[in-house]
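Here is the structure we will look at.
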Amino acid sequence: QVQLVESGGGLVQPGGALKLSCTASRSIFNFSNMGWYRQAPGKQRELVARITTAGTTNYADSVKGRFTISRNNAKNTVYLQMNSLKPEDTADYYCNARDHLDYWGQGTQVTVSA
């Protein structure tokens, strides 16, 4: 079992930046994948970015070149740096940890609006 706590969401203008953090209650070293997902109102939850233990990353096409995922195993934390934010990035963002099970945080809201 693990608890994931996200932080860093908020209101930002188009073109702005935010950095999300996800801190786990125990070591993340053994999670094969750590990721960020998002869910906009009326839409399904979708993968934003994922990073493996080896540091391999993959991104949704809609965020490539704008978002960067990283992990600090020593701090049990995964980050999502979001630059050049667009209104369509508005959503609740959820942290995910995966071993043989999926674990989810409670989510943090990101609103991109002028």
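What follows draws every value from the coordinates through simple rules; no lab data is involved. This one's a predicted model, so the numbers in the text were calculated from it and none came from an experiment. Here Cβ is always computed from backbone atoms with ideal geometry, including for glycine, and neighbour counts include all displayed protein chains.
Filter the stretch 95-114 down to the residues that are outside any strand (DSSP E or B) and under 12 Å from MET34 (Cβ atoms) and list them by number. ASP99, GLY105 - these are the residues of the stretch 95-114 that are outside any strand (DSSP E or B) and under 12 Å from MET34 (Cβ atoms).
I want to confirm something. Restricting to the stretch 95-113 and keeping residues that are hydroxyl-bearing (Ser, Thr, Tyr) and touching a Phe, Trp or Tyr at 6+ places or on another chain (Cβ under 9 Å), which single residue is surrounded by the most Cβ atoms within 10 Å (Cβ to Cβ)? Of everything passing the filter in the stretch 95-113, THR108 is surrounded by the most Cβ atoms within 10 Å (Cβ to Cβ).
Within the stretch 19-44, residues that are free of Cβ contacts under 8 Å to residues at least 12 places away in the same chain have Cβ atoms under 6 Å from residues that are of a type in the set (Lys, Arg) and surrounded by 12 or more Cβ atoms within 10 Å (Cβ to Cβ) in no pair, counting only partners at least 6 apart in sequence or on another chain.
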